[in-house]
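Everything below concerns the one structure shown next.
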Amino acid sequence: MISVADGQARILAQVTTVTPPELVPVSQGLSRVLAEDLRAPFDVPPADNSAVDGYAVASADVPSDGSATLRVIADLPAGSVFDGALAPGQAIRIMTGAPVPAGADTVIPQELVEREGERVTIPPIAKGANVRLRGEDVTGGAVVIPSGSVLRPQELGLIASLGLPQILVRQRPRVAILSTGDEVAEPGESRKPGQIYDSNRFSLRGLVEAAGGAVTDFGIVPDVPDELKVQLREASQTAEVVLTSGGVSVGVYDLVKDVLREIGGIDFWQVAMQPGRPLAVGRIGGSHFFGLPGNPVASMLTFLLFVRPTIWKLAGRRELFPPQFTAVAAEPMRKRTGRREFKRGVLRFGARGWEVNTTGPQGSGILTSMVMANCLIIVEEARGDVKPGETVLVEPFEWF
Ligand code: AMP
Ligand code: MG
């Protein structure tokens, strides 16, 4: 049986395709992956400008103590530029964001001065105070967002501030999903005795979309080898990644591995983890295939550990794994050595710093354990039972 880390490394070593780039409006760029190093076409801010509403002066005219009186020669709203230059003894009324006029190097906030007609009396202030310098945010020509970055709201704002209406991002990797099992019924349809409603296809669609992939839904396929073959072949022709759930265990109707052997190839089956042990990984044609376990928690977990990094690498992301932290176990946790266990946890800040509890019963079919959780608790292979007060690894959900 392969370890989680070895399985991940083995899969990622085979993921080389990077989806082609496409141009999208910046307004559509959220969560997309940047496909080129983004360089600033100019300095931001483009000119020295005022950080406050006040008076632009030359530092040579500022008194070192007491006060000095200057003559106000112009009013400068944001967006307008003063043509001339400030002469000694002069000041210019300036608004936040307006370029600092030639001859001035300091801005005195309006609440610190006294104005009488064209005269303004100013106190001492440090040279350069309240001036935002040209290029202090971004230097023209510099890479401001490296290729492979995921675009968050702040990146979109920065791109727009550079005057760019469009950006080059990676196309979304295409991911086909299907559920297997005679017992699995479509929500909204009637459920025969012994049937359960399909949850995996809906959790998995959400996971794929949250990871930046585009879903093609192949529905529910019964435990009939020929039907599975047809669907999987077609799926592999439309998608870079094919996901099934169910049918990878050791039961008589667990057909996925046999079908995979016939129409593609198995790379490995079974991972030393809990939940999620019966994961089957391989290829069908040019597609990466993941036979995820049927149990709802196990299918989500194996997605997070193996499929998400694959999608992220296909999309050219630089970071393939979310960060992990440590927290204090607030309760005893059962753990069998020799495998990596993933418990669903509730992480909160308490008397001992970051503390984590499990969500309660941890069966691999208990989907409410995922619903209640805000993190995974990761207990490594070599460890046994965890005592309260010991440190464990946690991986918060929805890391961004
Ligand atoms: P299997 O590996 O096919 O035997 O499935 C393991 C368990 O997961 C069984 O209890 C299945 O009923 C359940 N299961 C399989 N597929 C789904 C699905 N799409 N949604 C919810 N539960 C499922
Ligand atoms: Mg099944």
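The values are calculated or read from the model by the stated rules, or taken from the named source; none is laboratory data. All figures in this text were calculated on a predicted structure; none of them were measured in a lab. Because the Cβ atoms are built from the backbone with ideal geometry, glycine has one as well, and the counts that use them run over all protein chains shown. Only protein heavy atoms, including side chains, enter the accessible area calculation; ligands, DNA and RNA are left aside. Shrake-Rupley method; radii C 1.70, N 1.55, O 1.52, S 1.80 Å.
Quick check on region 218-251: of everything there that is among the hydrophobic types (A, V, I, L, M, F, W, C) and within 10 Å of ligand 1 (Cβ to nearest atom), which residue is modelled with the highest pLDDT?
The residue in question is ILE220.
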Restricting to region 75-90, count the residues that are in a strand (DSSP E or B) and in contact with a Lys or Arg (Cβ under 7 Å, 6 or more places away or on another chain). 3
Where in region 224-327 are the helices (runs of 4 or more DSSP H), entirely inside, with at least 1 residues that are more than 16 Å from ligand 2 (Cβ to nearest atom) and closer than 22 Å to GLU209 by Cβ? 225-238, 296-302, 308-314
I'd like the full set of residues that are crowded, with 16+ Cβ neighbours inside 10 Å and under 26 Å from SER245 (Cβ atoms), limited to region 368-392. SER369, MET370, ALA373, CYS375, LEU376, ILE377, ILE378, VAL379, GLU381
Of (1) open to solvent by 20 Å² or more (accessible area, probe 1.4 Å); (2) over 30 Å from VAL281 (Cα atoms), GLY54 satisfies every one except (1)
Hits in region 161-217 - residues which are within 14 Å of ligand 1 (Cβ to nearest atom), touching a strand residue (DSSP E or B) at 6+ places or on another chain (Cβ under 6 Å), aliphatic (A, V, I, L, M) and within 29 Å of VAL24 (Cα to Cα): ILE177, LEU204
Residues in region 204-227 that are open to solvent by 50 Å² or more (accessible area, probe 1.4 Å), within 18 Å of the chain's Cα centre (by Cα) and not hydrophobic (A, V, I, L, M, F, W, C) total 2
With criteria (1) farther than 30 Å from GLN237 by Cβ; (2) in contact with a strand residue (DSSP E or B) (Cβ under 6 Å, 6 or more places away or on another chain); (3) surrounded by fewer than 17 Cβ atoms within 10 Å (Cβ to Cβ), ILE145 comes up short on (3)
State which residue is farthest from ARG132 (Cα to Cα) when the search covers only region 90-103 and only residues that are open to solvent by 20 Å² or more (accessible area, probe 1.4 Å) and more than 42 Å from the chain's Cα centre (by Cα). GLN90
If we only count strands (runs of 3 or more DSSP E) wholly inside region 93-137, which ones have 2 or more residues that are without any contact (Cβ under 8 Å) to a residue 12 or more places away in the chain? 114-116
